[in-house]
Every structure is written in structure tokens, then in C-alpha cells.
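The values are calculated or read from the model by the stated rules, or taken from the named source; none is laboratory data. Please read these numbers as outputs of a predicted model, since none were measured by experiment. Neighbour counts run over all protein chains shown; Cβ positions are idealised from the backbone, glycine included. Calculation scope for accessible area: heavy atoms of the full protein, side chains included, ligands and nucleic acids excluded. Shrake-Rupley method; radii C 1.70, N 1.55, O 1.52, S 1.80 Å.
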Amino acid sequence: SLCSPQVTCGVCFDEFPASGINHVGCKHSFCGTCWKGYLDNALAEGPSCLNLRCPQDKCTSRVTEDMARRYLGPEGAAKLSTFQWRSWVDDNPKVKWCTGAGCENVVEIGNGTAGEGPVDVQCTCGTSFCWSCQEEAHRPVDCETVRKWLIKNSAESENMNWILANTKPCPECK
């Protein structure tokens with residue numbers, strides 16, 4: 001029987017069969033165990049795994065989604081999909097995350113409705129919010145007025161907390 005050619009892993013320096021693709025087009029070969037470790041570690045570090053490059057020092061070849069999924073287990077592949085979905089939402093100007101507590105839905109705005117002023121949108125969870133500033137829906141009041149109002153309320157709340165903590169009602173007139 002013919003032996004398949006062997007290549008040396010660029011990380012652990014073990015030799016392994018060259019059958020199958022074990023590089024990302026740059027010809028820097030790594031064994032499956034090292035690929036898996038590299039990808040698992042990248043996933044653990046968060047969404048930056050979406051811009052992963054070849055593990056070879058100074059190589060700029062990008063790790064493709066197919067390559068990543070080949071070595072990730074089902075749990076890792078699901079995590080990768082979650083990062084991809086979140087990245088798509090964060091980078092898309094026509095969708096935003098719902099501001100409702102515990103809601104992980106996205107809201108899409110129609111063409112031509114996102115302008116300079118406040119635009120109220122509603123999620124399927126029932127939460128209404130302003131597309132421009134993500135505060136509670138506030139049309140026709142502009143976003144800057146709402147921002148100032150929230151700052152004023154916050155300052156008054158701090159004053160009220162101080163009053164409650166450091167004073168007591170008059171025993172005569174209450």
C-alpha cells in the first residue's frame with residue numbers, strides 16, 4: 001500500500017497525513033488537534049474570532065467559516081453562528097436590538113422612515129422605543145430634550161436619595 005505524504009504541523013511539529021485541507025490557502029499546515037485548540041481558544045475570547053487569521057506568525061490569510069466549522073464541535077459552531085448573527089445586527093443600519101428587558105429580538109425599520117427626528121418603533125415583545133436614541137418612545141419630543149430630561153431626573157433622584165437618607169419628618173407637622 002502507498003503511504004500518503006506527510007506534513008509537519010506548524011504548531012506541535014508532529015507529522016500527519018497531508019490528505020484533506022489543513023491550511024487556509026497559505027500552505028501553512030496544522031494538524032486537526034492544533035486547529036481545534038486554536039479555534040476553541042479564539043471562540044472563548046469572543047466575537048474577535050470572526051476576523052481570525054492563520055496561526056502562522058505574520059500570515060494574513062483569513063480562516064474561512066468552512067475551515068472553522070470543520071474543527072469546531074456542535075457547541076462551538078453554534079457559538080460561532082451567534083457571533084455572526086450579532087455582528088450582522090450590529091453592522092446593519094436598518095436593524096437594532098430591542099431595548100426591552102431580557103428581549104433579544106431585533107427591530108427592522110422601513111425604508112425612508114429613519115430620519116433626523118425621533119421615530120418610534122415597536123418590538124414584537126411589546127416594547128416601544130425611539131429608533132434614534134433607543135430611549136422610551138417619545139415622539140414628537142426631540143431626542144436632545146429627552147436626554148436633558150433624563151439628566152435632570154437623575155440629578156433630582158440623587159437629591160431625593162440624600163434627603164431620605166439624611167433627614168426625617170418634623171414630629172410636630174410631619
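In region 44-74, what count of residues is obtained for those that are in a loop (DSSP other than H, G, I, E, B) and out of contact with any Leu (no Cβ under 7 Å at 6 or more places or on another chain)? Looking only at that region, the number is 13. Screening residue 89 on (1) closer than 30 Å to residue 124 by Cα; (2) outside any loop (DSSP other than H, G, I, E, B); (3) touching a residue at least 24 places away in the same chain (Cβ under 8 Å); (4) among the hydrophobic types (A, V, I, L, M, F, W, C) shows it passes everything except condition (3). Scanning region 83-102 for residues that are surrounded by fewer than 11 Cβ atoms within 10 Å (Cβ to Cβ) and either under 17 Å from residue 49 (Cβ atoms) or in contact with a helix residue (DSSP H, G or I) (Cβ under 6 Å, 6 or more places away or on another chain) (or both) turns up just one, 91. Of all residues assigned to region 150-166, at least one qualifies as being surrounded by 12 or more Cβ atoms within 10 Å (Cβ to Cβ) and either in contact with an Asp or Glu (Cβ under 7 Å, 6 or more places away or on another chain) or more than 30 Å from residue 42 (Cα to Cα) (or both). Would you tally the residues in region 1-42 being crowded, with 16+ Cβ neighbours inside 10 Å, of a type in the set (A, V, I, L, M) and in contact (Cβ under 8 Å) with a residue 40 or more places away in the chain? Matching residues across region 1-42 total 2. Confirm whether residue 141 is open to solvent by less than 70 Å² (accessible area, probe 1.4 Å), in a loop (DSSP other than H, G, I, E, B) and aliphatic (A, V, I, L, M). So residue 141 passes the test. Take the conditions (1) farther than 30 Å from residue 129 by Cα; (2) loosely packed, with under 12 Cβ neighbours inside 10 Å; (3) modelled with pLDDT of 90 or more; residue 77 misses just one of them, which is (2).
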